[in-house]
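Each remark here refers to the structure printed beneath this line.
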Amino acid sequence: MNNKIDSNKFAEHLNKKWKGEIFCPVCKENNWAISDSISELREFNQGAFILGGPIIPLASITCNNCGYSMHFNALKAGLISPEPNIEK
């Protein structure tokens, strides 16, 4: 299964939505790495894996200076489809 996204499309989304300067809130640098893959955020359940549980797909940017990361909902950013991608 492919979890890659178009990092240019993600950058366009960020530039459109982000108001003001795009500085890191920790170190105040403006030097970001834009991820080209999707991560998942799952509801914590004492380490148990729950089939069918809620999952939030995330696209990330990371400060190249201090490592601070920000995560954005990949569905809301239009980076992936809400429809499942079932490979045959």
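Just so it is clear, none of the values below were taken in a lab; they were calculated from the coordinates. Treat the numbers as computed from the prediction; the structure is a model and nothing was measured. Cβ sites come from the backbone with ideal geometry, for glycine too, and all protein chains shown count toward neighbours.
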How many residues are exposed (fewer than 14 other Cβ atoms within 10 Å of the Cβ), over 13 Å from Ile5 (Cα atoms) and either touching a strand residue (DSSP E or B) at 6+ places or on another chain (Cβ under 6 Å) or not acidic (Asp, Glu) (or both) if we restrict to the stretch 70-86?
5
For the stretch 31-71, how many residues meet the condition of being in contact (Cβ under 8 Å) with a residue 40 or more places away in the chain and touching a Phe, Trp or Tyr at 6+ places or on another chain (Cβ under 8 Å)?
2
